[in-house]
Structure formats: C-alpha cells, structure tokens
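Notes follow once the structure below has been shown.
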Amino acid sequence: FLAGLGNFMQDVLWCFSQVKGTIDIGVAEADIISTVEFNHTGELLATGDKGGRVVIFQREQESKNQPHRRGEYNVYSTFQSHEPEFDYLKSLEIEEKINKIRWLPQQNAAYFLLSTNDKTVKLWKVSERDKRPEGYNLKDEDGRLRDPSMITMLRVPVLRPMDLMVEATPRRVFANAHTYHINSISVNSDYETYMSADDLRINLWNFEITNQSFNIVDIKPANMEELTEVITAAEFHPHHCNTFVYSSSKGTIRLCDMRTSALCDRHAKFFEEPEDPSNRSFFSEIISSISDVKFSHSGRYIMTRDYLTVKVWDLNMENRPIETYQVHDYLRSKLCSLYENDCIFDKFECVWNGSDSVIMTGSYNNFFRMFDRNTKRDVTLEASRENSKPRAILKPRKVCVGGKRRKDEISVDSLDFSKKILHTAWHPAENIIAVAATNNLYIFQDKVN
C-alpha cells in the first residue's frame, strides 16, 4: 500500500455527471445520487438516484497501446428500478428513491444486484446479448404473426450477430414486509439469504421466496409512546452467515447470533462508549446517532459513523472503540445552526479500503476525509468540477477555525452545507474510489507513476 497519505488519491481520473451542468441550486431532485456501490471484482460500479434510476458503469479493459494505464469507467447500463407508488390504505406516498444497492457475487455471465426504496426490494439481472434469432416459421422478422396459409416450407431458426445490448430484467420483487422505511439491505455470506432493515424491524429473506420473510429483530414497543430508539443500519458478517450487527439512534451497536433463537431479541454483544458528562449538551443524543455501520473485510472490526466521528470497534472489546477519528470537529460550535437547517440529521456513510488499513467518509463543502490507521495520518480532499480536471492532482484542503487564515485554507464560516458527500465507495482491491456529490459522480485513483 502507499506509504502514508501524502501521495494518496491524487490523480483525478474521471468525473461523471448524471445530468449536464455543474452543481447549483437548479439541480433536479430526481438526479441526486443516493447510493454508490462497487461489485465484488470492482469491474462494475452502480449508482442509484432519487428518481429511482440505477446507472451501472463498467471498467474498460487495459489498452494494448498503453498497457500500464488502468481502464476508465464508462456507462454500461441504465434502467428504471423503482417507480413512485401510493399506499391507499395509509394515504402515504412511497418515493422511488433508491436507498441502497448491493451486488451478488457473479456466478455466470450475468450480473445480479439488489436495489431497494423505502418499501420494496428488487433483484435485478443484468445480462448482455449480441445475437438474435431469425428465421421463425410462424413470425416474420418484425415479430408479427404470419398467415399459416402462406407458410409453404419449414425453416430452422438461426442466430445472427447484432450490436451488443445490455438488458436489465427484474427477477424477484420482495414487497409488503416493512411498515417503516427500509434503511439497509445486506447479502449474507451463504448467498442464499439477505436481510432488510427498517426503523424497528429486521427481516431475513431467501432469494427464492418473495412472499415470505422471517422477522429476526423487532424492537417495536407495545406502546409507541415508549419508543426510545430506532434501527439506523444493519450488516451481515462477511464470513459467518449466522452473525450480523445493527446500530441504533442511541449510538449503540448490537451483535446478534441467529443460532441462539429465531428472534434475535437478545444480543450476543453490545458495543457502547460511555458518554463524558462534561461534553453533555442538548445535541448529544442527536450527534451520537449512528448513520452507518460496516464490518471490515477481515471480519475482525466494525466501523461506525456518527455525525462528528468515525469509530473502529474490535469485536472482542465492547466497552469502547479502539480508534476514534474526528471528521469535522470544527462544526461542534456550529451545532445550533446545523440543527436549525436540519443538516445535523444528515446520514453520512463510511467505507474501508480493500486491506482495511484506510477508512473514508464524507463531509460538507464537497469535502471527504481519509484516515490511515497505520500511520494515523489523515487528509481532506475536495470533489468539485472547478478544482478537479481529469488527471489533475488533488490538493489537500484545510479548514480554518479562527484567527488568521492562510492562503490555502478555507474558513469554517465559508463552508457550503448544501454540498455534502454522503455516499462513497472503495474498489475492493485497488485504490480507486467513487464519491457522489449531489448529482455528480467522481472517480479518483492514486497517482500512477
């Protein structure tokens, strides 16, 4: 891996935009990217947006003329995954926004992925077709039925080459199992089941059964007035199919073992950091809410993201995290105004690199942060069209809290809170990252010598 973060993620390769134009107030709501996810090989990258669309980018093969140059990502397939719906029994509109995308490991020539909005999970098959059958007996080439009286001979259909076409077809639709909004889906390591989590319940599904799921977590109280916390994120262990974790709005993480009982109402481990009474404030409970939880690739650690920090937990130590990284501690004095404009409720995600040595998460002003767990060095980078030309070197950014501001620094009062990096993804094997900034997708990689 790269020595330190000095040369880290410096070569901007590509910037994709789902709509033409720069980020501004006029961005259509439907074009805002709501999730980003690499597949298991890193050859494909999927994004979902608030308009219910899924856009898949494919990495081009290395050029023979430039064998050392890594392939670029170009649009591979675009399809409408979800449509807006209306629940007439509850008089409730169901948004088409894609909340999460999760890839399944590739088993054959086709690709499979799960996508979900607030209520419905869909399994999509993405496949290629470069041949078409011709020479039917009962149909002409346009697909119209022929007059049987005009058929005088028997023809054997043949396959003819055609332009490559990528088709996305829904293979399963998993619906009617969630009363509340789905915030997480996670594919199990047995690749036969997956789970979907909403605010109060987690359901376990079999990929082959769409009309039934098993409720494995239910924290809904008998009296909703007694509700004190909600589920914010959930994920399966990468290697043990019986183990999963889920986080709560109270800043706690519960690890559950499905071998103990059918309903995992009792956790196997409970991770919580005691609060320092001297730091207690009106906003303490809000900023301690965990917005994302991720197992490390090794399965030894859990990473969580709350409003101000990223924490790394060892599965063998429940009383406190082993590492805590301040993402934007300079916002601690701005919590009152962030509460008034609702930014304090933003849900930032976090990701590991392929070797679990570096973690990444987003911030405001289109900034995203990286922390090297080995050297303890960190860097702040910016994803913006103005500063990110193809193959340009990204310069680290610094935020000035008070006093005299240097030339290359930005004042905390000048930060744009409408520009936020909520969704990021990291290539499973290489130092390539995808960063979603409103309606733009940026792809960066480390500097190639």
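The values are calculated or read from the model by the stated rules, or taken from the named source; none is laboratory data. All values derive from a computational prediction rather than experimental measurement. We place every Cβ from the backbone using ideal geometry, glycine too, and count neighbours over all the protein chains shown. For accessibility, only protein heavy atoms count, side chains too; no ligands or nucleic acids. Shrake-Rupley method; radii C 1.70, N 1.55, O 1.52, S 1.80 Å.
Side notes on the structure shown:
- For the stretch 359-394, taking the residues that are under 24 Å from the mean Cα position of the chain (by Cα) and without any contact (Cβ under 8 Å) to a residue 40 or more places away in the chain, the one that is nearest to ILE443 (Cα to Cα) is identified as GLU382.
- The set of residues from the stretch 245-272 being in contact with a Lys or Arg (Cβ under 7 Å, 6 or more places away or on another chain) and within 18 Å of THR228 (Cα to Cα) comprises TYR246, HIS267, PHE270.
- Within the stretch 156-169, the only residue that satisfies the criterion of being surrounded by 11 or more Cβ atoms within 10 Å (Cβ to Cβ) and in a loop (DSSP other than H, G, I, E, B) is PRO157.
- Some residue of the stretch 327-348 being at pLDDT 95 or above and within 21 Å of PHE244 (Cβ to Cβ): yes
- Identity of the residue in the stretch 88-105, of a type outside the set (A, V, I, L, M) and free of Cβ contacts under 8 Å to residues at least 24 places away in the same chain, that ends up most open to solvent (accessible area, probe 1.4 Å): TYR88
- Flag for LEU227 being modelled with pLDDT under 95 and either of a type outside the set (Gly, Ala, Ser) or exposed (fewer than 15 other Cβ atoms within 10 Å of the Cβ) (or both): yes
- For the stretch 393-449, residues that are among the small types (Gly, Ala, Ser), over 20 Å from CYS343 (Cα atoms) and either outside any loop (DSSP other than H, G, I, E, B) or modelled with pLDDT under 90 (or both) total 4.
- For the stretch 392-431, the set of residues classified as among the charged types (D, E, K, R), closer than 25 Å to SER291 by Cα and surrounded by 15 or more Cβ atoms within 10 Å (Cβ to Cβ) consists of ARG397, LYS419, LYS420, listed by residue number.
- Strands (runs of 3 or more DSSP E) within the stretch 295-361 that include 2 or more residues surrounded by fewer than 17 Cβ atoms within 10 Å (Cβ to Cβ): 323-326
- Within the stretch 220-242, the set of residues being within 25 Å of the chain's Cα centre (by Cα) and either more than 24 Å from ILE290 (Cβ to Cβ) or free of Cβ contacts under 8 Å to residues at least 24 places away in the same chain (or both) comprises GLU229, ASN242.
Residue-by-condition table, conditions (1) modelled with pLDDT under 95; (2) assigned to a loop (DSSP other than H, G, I, E, B); (3) in contact with a Ser or Thr (Cβ under 7 Å, 6 or more places away or on another chain); (4) surrounded by 15 or more Cβ atoms within 10 Å (Cβ to Cβ):
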residue	(1), (2), (3), (4)
ILE185	no, no, yes, yes
SER196	no, no, yes, yes
ASP199	no, yes, no, yes
ILE209	no, yes, no, no
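- Any hit, the stretch 247-268, residues being touching a Leu at 6+ places or on another chain (Cβ under 9 Å), farther than 25 Å from GLU382 by Cβ and in a strand (DSSP E or B): yes
- Pairs, first within 25 Å of VAL245 (Cα to Cα) in the stretch 260-286, second open to solvent by less than 80 Å² (accessible area, probe 1.4 Å) and of a type in the set (Lys, Arg), C-beta under 6 Å, six or more apart: HIS267/ARG254; PHE270/ARG254
- If you go through the stretch 230-250 and pick out every residue that is among the polar types (S, T, N, Q) and open to solvent by 10 Å² or more (accessible area, probe 1.4 Å), you end up with 4.
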